[in-house]
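Please find one structure pasted underneath; my questions will follow.
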Amino acid sequence: MLRLEIRPQPSKLMSLASPLLALAITTLLGIALFLLLGKDPLRGLQMFFWEPIKSAYGWSELGIKATPLVLIALGLAVCFRSNVWNIGAEGQFVVGALAGGWVAMQADASSGRSIVLWILLAGVAGGMAWAAITAWLRDRFNASEILVSLMLVYVADLLLGYLVYGPWKDPNGYNFPQSISFLAITKIPKLFDGWRVNIGVLIALGSVLACWALLFRTYAGFALQVGGLAPAAARYAGFSSRRSLWLALLLSGGMAGLAGALEAAGPLGQLTPYVPAGYGFAAIIVAFVGRLHPVGIIFSAILMSMFYIGGELAQSRLGLPKSITGVFQGLLLFTLLACDTLIHYRIRRARS
Amino acid sequence: MESIALLIAATLNAGTLLAIAALGLLINERSGIVNLGAEGMMLVAAIAGFATAVHTGSDWLGFAAGMGAGALLAAAFGVLVIWLNTNQYAAGLALSLFGGGFSAFVGISYTQAKLGPRPNFAVPGLADIPFIGPALFRQHPLVYGAIALALWLGWFLYRSRAGLVLRAVGESPESAHALGYPVRRIRLAAVMTGGALCGLAGAYVSVVYTPLWVEGMIAGKGWIALALTTFATWRPARVLLGAYLFGGVTMLQFHLQGQGVEIASQFLSMLPYLATIAVLVLISSNANFIRANMPASLGKPFFPGA
């Protein structure tokens, strides 16, 4: 029989090896799934791990998907590190897209390029405001931030539905539930001609640096992490848990809102009921797989984007449902959590 | 009058699926474990139940399949959090995310499928009483099953030895362990029971309540059920009442839409979610009220011999 034994120190090596181990197990389960469905597993793996990265075009598409994931996951990492369970980033993303989209719709012939800045700022403000509801209800009434933030996802989706079916519907849109197409002047500037990837990638990379500095180089970041690891110690040190709660939620809400505005004024170019694409939930997985570390999040976001693109390719080329992406994403988090046990414990053969 | 009777009947019907799931989660949480995977378990159970009912033609086999699927997923979650000491919130979230993806994946070929004609139920004799009959006695058997379950659970938790042990495990696993109770196995049993009941509720949605399969059709009912256990401060009778209250809120939106109220349907659809937030705020603001019945070790890991 095997049994678990607590390690004297958490293993740094396992903390880095665990995501790789989880990826390996998920891949094996994926191969089993392909075989079960009667598909060539090699072709299947190719869709997920080779096709997305084999060309510059592929990397451009990866960048488009990874940008919102990185931005949202960075905010969530700050939240989870301070033991604030914001799982409603999807709603904050949608409200950010609504706020940014509203600014984009105001553009006219007299608008200058600076409107892009206002779109992004509006997105940040929208996401922050939506997260502030959760923070306020938690702070003032002690209502579970898990349930409140999640309920607000459904509310945000319905709000989007109301706007694109109602007041914001394009009058010349043949009655489709969609806003007007934003003017070209509002488009997020692209990095290269001919590819879809835009300056969102640079914003995401800048945010990685900023988040790293916040977490590991500032007093507020330190207080935040102590509050998450040892609430009693934080109280004794005089760190305000309320401050941490507000900081974590406003930051992650703002980041999710920024991602929403980038998406609305970037690849989408208008508001439709399909704004919520699940980035807010996938980013939870990205944050955990990236070890809640800003640099790790870059890699896990790229991996998760490969899952997205692989799923789309599996649909068009292998005739598999696109939702296979969700299966793999869920499996990855599941196996990661199982593998994480080895950070704190080691396996020993029990003496009988 | 007729429409009010139907509104009451619909409220009971909508409340039942929340009640079954929330009562399951209550058993789960009484053992000290929070399972945020309710939504995922209900989704997988919904497609498992629906597919089984389509192929076999039997609703009851569908329910059984839903319960099996729920219990199986809960077992995987249970092993993670009980034996491997994984963070309960993270593992539950993983289950919800996986359940959403997996159910969409396997359900894709069932989106056009239809179940046979839905049976009508009537309690002999009582169903023909004017007003009361159509309001209360023409329900699916599980509607009465949910009431029986709540009553039984009240007896089980507070009047039976096994219930006392379950509560002890949730209050102080160390003490229960010291007394020689197999804390981990009891917790696994509670988690799997919770999963089976969430599964039953999920299958009820796709086989009886809707009845069809659409991706993501649980639409937050699992999360509302989780909120219900807090709302009801972990008391079975209050769970039942709370579930009917939410069932009423859900039905109110359809009723108002039917009456031609001049509010956009999206705002009416927000009602159950806003009501959940409102109720959480009301209940949570009184910390003592919550703490009085909350299992003391809820959400805390237990590692025997540590």
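Springs between alpha-carbon pairs under 10 angstrom, Gaussian network model over chain A: which of A:276, A:231, A:294 fluctuates most?
Highest fluctuation among the options: A:231.
While we're on this one: Using the Karplus equation 6.51 cos²θ - 1.76 cosθ + 1.60 (θ = phi - 60°), what ³J(HN,Hα) coupling, rounded to whole Hz, does each residue of the range B:151-167 give in order, writing x for Gly and Pro?
The phi angles translate into 5, 4, 5, x, 5, 4, 5, 10, 10, 10, 5, 4, x, 4, 4, 4, 5 Hz.
What whole-number volume per residue, in cubic angstrom, does the convex hull of the C-alpha atoms of the range B:62-161 give?
Dividing the Cα hull volume of the range B:62-161 by its residues yields 188 Å³.
Related question: Can you work out ³J(HN,Hα) from phi for every residue in the range A:300-312, in order, using Karplus 6.51 cos²θ - 1.76 cosθ + 1.60 and θ = phi - 60°, giving whole Hz and x for Gly and Pro?
Once rounded to whole Hz, the list reads 5, 5, 5, 4, 5, 5, 4, 4, 4, 5, x, x, 5.
Can you give the translational diffusion coefficient of chain A in µm²/s, computed by Stokes-Einstein from the Kirkwood radius over Cα pairs at 20 °C and 1.002 mPa s?
For these conditions, the coefficient is 100 µm²/s.
State the three equivalent ellipsoid semi-axes of the range A:27-183, derived from the C-alpha gyration tensor as the square roots of 5 times its eigenvalues, in descending order and whole Å. Intermediate values should be presented prior to the final figure.
Details: eigenvalues 213, 135, 59 Å².
Over the Cα atoms of the range A:27-183, the semi-axes work out to 33, 26, 17 Å.
Taking θ = phi - 60°, what integer Hz values does the Karplus form 6.51 cos²θ - 1.76 cosθ + 1.60 yield along the range B:245-252, in sequence order, with x for Gly and Pro?
Listing the rounded values in order: 4, 5, x, x, 4, 4, 6, 4 Hz.
Using alpha carbon centroids, what distance separates the range B:1-80 and the range B:189-265, in Å?
Here the two parts' Cα centres lie 9 Å apart.
Using a 10 Å cut-off around each Cβ of peptide B:260-268, what is the average number of partner chain Cβ atoms that fall inside?
If you average over the peptide's residues, the count of other-chain Cβ atoms is 3.
For the pair residue A:29/residue A:174, report the inter-label distance in nm, with labels modelled 7 Å from Cα in the Cβ direction.
For the pair residue A:29/residue A:174, the computed spacing is 4.2 nm.
Let me ask something else about it. Taking 0.36 nm per intervening residue step and subtracting the Cα-Cα distance, what contour gain separates residue B:285 from residue B:178 on full extension?
Extra length from residue B:285 to residue B:178 when fully extended: 35.0 nm.
Show that you can apply the helix-only estimate: for chain A, add -39,500 (n - 2.57) for every DSSP H stretch of four or more residues, divide by all residues, and state [θ] at 222 nm to the nearest 500.
-23500 deg cm²/dmol
Show me the chymotrypsin sites (Phe, Trp or Tyr not before Pro) within the range B:106-144 that DSSP assigns to loop and that have at most 16 other Cβ atoms within 10 Å of their Cβ.
Filter output for the range B:106-144: B:121, B:131.
Where a ≥ b ≥ c are the square roots of the eigenvalues of the C-alpha gyration tensor, would you call the range A:191-321 rounded, which needs a/c under 1.5, or, failing that, prolate if a/b is larger than b/c, or oblate?
In terms of gyration-tensor shape, prolate.
For A:47, A:14, what ranking results if the residue with the fewest other Cβ atoms within 10 Å of its Cβ goes first?
Final ranking by Cβ density, sparse to dense: A:14, A:47.
Oh, and also: With an 8 Å cut-off on Cα pairs and a minimum separation of 6 or more residues, tell me the relative contact order of chain B in percent.
Here the relative contact order equals 37 percent.
Who wins for biggest fluctuation among A:121, A:224, A:36 in a Gaussian network model of chain A, springs between alpha carbons below 10 Å?
Sorting by GNM fluctuation, first place goes to A:36.
Can you work out D for the protein assembly as shown in µm² s⁻¹ from Stokes-Einstein, where Rh is the Kirkwood radius over C-alpha pairs, the temperature is 37 °C and the viscosity is 0.692 mPa s? Intermediate values should be presented prior to the final figure.
Values: Rh = 25.8 Å.
Calculated translational D: 127 µm²/s.
What residue among B:16, B:52, B:86 shows peak mean-square fluctuation when chain B is described by a Gaussian network model with Cα springs under 10 Å?
The residue with the greatest mean-square fluctuation here is B:86.
How large is the direction-averaged shadow of the alpha-carbon convex hull of chain B, in nm²?
If you wrap the Cα atoms of chain B in a convex hull and average its projections, you get 17.0 nm².
Testing the spin-label approximation: label points 7 Å from Cα along Cα→Cβ at residue B:118 and residue B:61. State their distance in nm.
Here the answer is 2.2 nm between the modelled labels.
To continue, here is another question. May I ask you to derive the relative contact order of chain A, considering only C-alpha pairs under 8 Å and at least 6 residues apart, and to give it as an integer percent? All intermediate terms of the calculation are to be shown ahead of the outcome.
Working: 612 pairs, mean separation 126.3, N = 352.
Relative contact order comes out at 36 percent.
Going by how many other beta carbons lie within 10 Å of each one, how would you line up A:246, A:195, fewest first?
A:195, A:246
Rule-based calculations on the coordinates, nothing more; no lab input. Predicted, not measured: the structure shown is a model, and the values here were computed from it. Cβ sites come from the backbone with ideal geometry, for glycine too, and all protein chains shown count toward neighbours.
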